[in-house]
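Inspection log for the structure reproduced underneath, given as structure tokens.
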Amino acid sequence: MPATVLVTWATRYGSTEEVAHAVADELLNQRFTVNAQPMTGVKTLERYDAVVLGFALYMGHIHKDVRPFLLSHRDELTRRPVALFTLGPMHAEEKEFVEARRELTKELAKFPWLSPVAQQVFGGKFDPEKLGLPFSLFPILRKMPASDARDWPSIHTWATNLAGIFQPTMAH
Ligand SMILES: Cc1cc2nc3c(=O)[nH]c(=O)nc-3n(C[C@H](O)[C@H](O)[C@H](O)COP(=O)(O)O)c2cc1C
């Protein structure tokens, strides 16, 4: 029986979901059975051998759905391999990546029991037209140009490598 992986995400504007689907497709190519759904729709992790979590950063914080997800599935998350990807930097500039990694590390320190087998920051996508409240109230954000720093080849490579990381750690 192929191992079953959950790919689950938290998004505001949809770019993380698109990356999650790309990761899910790559895992399907690697012959995993894959279920892809938003964090808010996940009731139990019982049937999964491994989990991939995807979410973005906003004003230095992880998406608001991540904390309740981590807390309600804490026991199950500690008993199976967890990989994690985070969208943030709006441009392919190293200093933005350094800052996003710093923000992520600070946020994840609130969950010291979580020890991902893989963790990656990817560039994100920004569209000032999509800003809803409260962010649309910030002129500095509204004036920022649209950008898409998602590096699809890197995303595919990361997802492909997950197969090798998951396999040896999964209990069969
Ligand atoms: C209001 C706002 C605040 C953001 N703050 C951060 C931030 O603090 N750090 C960061 O790395 N990226 C930040 N970003 C970039 C987002 O993480 C990026 O746009 C991501 O792709 C959004 O994901 P989503 O489309 O799934 O909601 C911010 C984006 C917005 C719109």
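Derivation of every value follows stated rules applied to the coordinates shown; laboratory data play no part. These numbers were taken from a predicted model, which means no experiment stands behind them. All Cβ positions, even for glycine, are placed from backbone atoms using ideal geometry, and neighbour counts span all protein chains on display.
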### Query
So which aspartates and glutamates pass the test for residue 43, namely a Cα distance under 20 Å, with those fewer than 8 places away in the same chain ruled out?
17, 65, 75, 76
#### Entry: Over the chain: helical MRE at 222 nm, DSSP H runs n ≥ 4 each giving -39500 (n - 2.57), nearest 500
-11000 deg cm²/dmol
### Query
Under a plain spin-label model, where a point goes 7 Å from the Cα along Cα-to-Cβ, how far apart in nm are residue 99 and residue 154?
1.6 nm
### Query
How do 108-117, 88-97 rank on mean C-beta neighbours within 10 Å, highest first?
88-97, 108-117
## Note on the structure
Cα gyration tensor of the chain diagonalised, 5x eigenvalues square-rooted, in angstrom largest first, produces semi-axes 28, 17, 14
### Proximal lysines relative to residue 143, as straight alpha-carbon distance under 26 Å, when same-chain residues fewer than 8 apart are discounted
64, 95, 125, 130
### Query
Separation of segment 3-60 and segment 84-101 by C-alpha centroid, Å?
20 Å
## Note on the structure
Residues other than residue 19 with Cβ under 12 Å of its Cβ, Lys/Arg counted +1 and Asp/Glu -1, net out at -4
